[in-house]
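Below is one structure; the comments refer to it alone.
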Amino acid sequence: QVQLVESGGGLVQAGGSLRLSCAASGSIFSISSMGWYRQTPGKQRALVALITRGDNTNYADSAKGRFVIARDNAKNTVYLQMNSLKPEDTAVYYCKAGGVVSKDSYGMDYWGKGTLVTVSS
C-alpha cells in the first residue's frame, strides 16, 4: 500500500523559512506528479505548488517568488522550501502524489495526512 508521510511543519515567525518534506513509500514504480496543497478551516484545499516527473513546476500566485518545490525521483520524495513566510500562510499542508503506478495500483492519487504550519506575526 502506498503511503505518504509529511514532515517539517511547525511554528515560525513571519519572515522566516520552513522546509517541508514528503516521502512516498510502498511498491512504487513511478509517480507522475507530486504537489503540495494547503487548507485552512472552512476553506477548500488549494494547490500551493506542483512538480511533474520531468521537473515542470506550477505555483499558486501566493507562492510565486517565495516557495520552491523540488523532488527526488529516486527517493519518491518532494520538498517545499518556504521563505518569507506570512501569517496568511498558516494552514495544514498536504502532500499529494498523482498518477502513481505501484504494485497495487495504476494511475491513482494518494494524499498524506498533513502537517501544520503556523506563522506568527
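The values are calculated or read from the model by the stated rules, or taken from the named source; none is laboratory data. Keep in mind that this is a model prediction, so the values were computed, not measured. With ideal geometry, Cβ positions are generated from the backbone for all residues, glycine too; neighbour counts draw on all protein chains shown. Calculation scope for accessible area: heavy atoms of the full protein, side chains included, ligands and nucleic acids excluded. Shrake-Rupley method; radii C 1.70, N 1.55, O 1.52, S 1.80 Å.
What to note about this one:
- Residue ranges 50-61, 92-103 sort as 92-103, 50-61 when ordered by packing (mean number of other C-beta atoms within 10 Å per residue, highest first).
- Counted residue by residue at 0.36 nm each, then reduced by the alpha carbon distance between them, the extension gain from GLU88 to SER17 reaches 24.2 nm.
- When only Cα pairs below 8 angstrom with a gap of at least 6 residues are kept, region 7-121 shows a relative contact order of 36 percent.
- Accessible area expressed per residue, the chain, with surrounding protein chains retained (probe 1.4 Å, Å²): 53 Å²
- A simple rule links phi to the HN-Hα coupling: the Karplus curve 6.51 cos²θ - 1.76 cosθ + 1.60 with θ = phi - 60°, which for region 70-81 gives 8, 9, 10, 5, 5, 9, 6, 10, 10, 10, 9, 8 Hz, with x for Gly and Pro.
- Potential lengthening between PHE29 and LYS113 on full extension [0.36 nm per residue; Cα-Cα distance subtracted]: 28.1 nm
- Protein heavy-atom surface of region 1-47, 1.4 angstrom probe: 47% of the accessible area is carbon and sulfur, with nucleic acids and ligands not counted.
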